[in-house]
1. Could you tell me whether Thr30 is within 18 Å of the chain's Cα centre (by Cα) and of a type in the set (S, T, N, Q)?
2. Thr371 versus (1) of a type in the set (S, T, N, Q); (2) touching a residue at least 60 places away in the same chain (Cβ under 8 Å); (3) closer than 28 Å to Ala202 by Cβ: which is the lone unmet condition?
3. In this structure, is Ser331 polar (S, T, N, Q), modelled with pLDDT under 95, under 26 Å from Gly156 (Cα atoms) and touching a strand residue (DSSP E or B) at 6+ places or on another chain (Cβ under 9 Å)?
4. Would you check if Leu216 is buried (at least 19 other Cβ atoms within 10 Å of the Cβ), in contact (Cβ under 8 Å) with a residue 40 or more places away in the chain and more than 30 Å from Arg429 (Cβ to Cβ)?
5. When the residues of region 343-390 are narrowed to those that are polar (S, T, N, Q) and closer than 24 Å to Arg432 by Cβ, which ends up farthest from the chain's Cα centre (by Cα)?
6. Yes or no: Gly84 outside the structural domain of Ala207 (by TED's automatic domain parsing), buried (at least 24 other Cβ atoms within 10 Å of the Cβ) and in a loop (DSSP other than H, G, I, E, B)?
7. Anything in region 102-121 that is surrounded by 19 or more Cβ atoms within 10 Å (Cβ to Cβ) and aliphatic (A, V, I, L, M)? List them, or say none.
8. Considering Leu9, Leu94, which residue is modelled with pLDDT of 95 or more and outside any loop (DSSP other than H, G, I, E, B)?
Amino acid sequence: MTAAALTELRDCLGAGAVLTAPEDRIAYETGARYDRGRALAVLRPASTAEVAAAVRIAVRRGLHLIPQGANTGLVAGSTPDDSGAQVILSLERLKSCFEPDFDNRSLHLGAGHRLSDVNARLAPEGLFFPIDLGADPSVGGMIATNTGGARFLRYGDVRANLLGVTVVLADEAGTILTLGGPLHKNNTGVDWKQLFTGTSGAFGIIAEAVLKLHPLPGDQAAAILVPASGAAVLPLLRRMEAALGPALTAFEGMSGPAMQAALDHVPSLRDPFGGAVPDYAILAEVSTPRPGAETLLGEVLERLLEEEPDLLADARFGAHERTWALRHALSEGVKAKGRLIAFDLSFRRGDIMRFCEEMKAELPAHFPGITICDFGHIGDGGVHFNLVADPASPLATDPEQELRLRDMVFDRVVTRFGGSFSAEHAIGRKNRRWYEIYTPDAERRLSRALSAATSPAGLGAVSFA
């Protein structure tokens, strides 16, 4: 049956679009962070119609499909398990459609386009898709995980910038649905496109999208701020929001150990602190439609330094790209430091620093030898709570130790602080355990019903059962 299914898929998609050799599959089977599975095959359709045809064959032949974008996710949401029975459906060739409407400030495109390609092609027209990430994901993957990023404070997440999607359901017909479109306002029924946003591809495969575009800023300036204390971080944010309004486009927190790891492992970085890295710092960015961003930011910070020394201890200005280079190097630096155990958490903004302080006081007693290298999106309540273990320590070598650590952290996040155990990276196989623990039964029943209605044959690395 498997051989017959592969033959049928090759006849439908073309021999070069069905990969079965181990050396051809490996890049698709290997995730961005430690996860690795084994696939029966990799399908590479080039159009929405080919996606639908592949789905029809897979449903008829009983093959389970794993939709995959650029495979930059961190929770094993786009890679197969170890069974060797699942089939990866890659979106990477879904690039034939790229139709901007500059008057409407919208873009209709295939789900395989990368974020970098989208913004490079829009820049000559003075527009961009405003999701700022360290990785370079595909549009389909960004929608499936509802990506946020460093400028969420100003522009929101993918959901807030999505006008429409075309999806393929995992049913016998490989049904193609076009939901939403170029209209910015349409209240004639349920906004079904949002059912497929942030749900990891479990309800349908995103093949095309219509994105809302924004004008490129005319000028930008950034500074690295040293708050007077951890307790001063949120009051400082509120003061800057009051003074700058929507011109404040980023307010990114960076712990001292995370910054030191980046400076140690990325030689091209310039140390803005002259060797005395503070315990915590903030990258603040201002964006304006006309020149004057640096003057505006400087005036606000000068007033804060003079009038509120209990909030702001220091401010370091530098070239915009060089300042952001430190923030974007944090992930690479932390990963190079040792065995990374990463958490993608979300809180009410006022709880972020309290949570981090509690964990820094308690975790080393339970798990000796870990280094806490947190950083994240203070402006929207998100934090990448990264723990680094020595490669030879039990945490790095014993999965049960890591599981115990994750249970402790997630229980504190959800039970004590009312936070989320997955702020930006969705569920995936890595987060399935905690989805089952913390998701109410009524919500899970609803998810099962929706999955049965949209894609009864099942899709994705993790279902919402």
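1. Working: within 18 Å of the chain's Cα centre (by Cα): yes; of a type in the set (S, T, N, Q): yes.
For Thr30, the condition - within 18 Å of the chain's Cα centre (by Cα) and of a type in the set (S, T, N, Q) - is met.
2. (3)
3. Numbers: polar (S, T, N, Q): yes; modelled with pLDDT under 95: yes; under 26 Å from Gly156 (Cα atoms): yes; touching a strand residue (DSSP E or B) at 6+ places or on another chain (Cβ under 9 Å): yes.
Yes: the conditions hold for Ser331.
4. Details: buried (at least 19 other Cβ atoms within 10 Å of the Cβ): no; in contact (Cβ under 8 Å) with a residue 40 or more places away in the chain: yes; more than 30 Å from Arg429 (Cβ to Cβ): yes.
No; evaluated as a whole, the condition is false for this residue.
5. Looking only at region 343-390, we keep the residues that are polar (S, T, N, Q), and these are 346, 371, 386.
So of that shortlist, the ones also closer than 24 Å to Arg432 by Cβ come out as 346, 386.
On the way: Ser346: 13, Asn386: 15 Å.
The extreme case among them is Asn386.
6. Working: outside the structural domain of Ala207 (by TED's automatic domain parsing): yes; buried (at least 24 other Cβ atoms within 10 Å of the Cβ): no; in a loop (DSSP other than H, G, I, E, B): yes.
The answer is no for Gly84.
7. Those that are surrounded by 19 or more Cβ atoms within 10 Å (Cβ to Cβ) and aliphatic (A, V, I, L, M): Leu107, Leu109, Ala111, Leu115, Val118.
8. Details: Leu94 fails: outside any loop (DSSP other than H, G, I, E, B).
Testing whether each residue is modelled with pLDDT of 95 or more and outside any loop (DSSP other than H, G, I, E, B) leaves just Leu9.
The values are calculated or read from the model by the stated rules, or taken from the named source; none is laboratory data. No experiment lies behind these values; they were computed from the predicted model shown. Ideal geometry is used to build each Cβ from the backbone, glycine not excepted, and the neighbour counts take in all protein chains shown.
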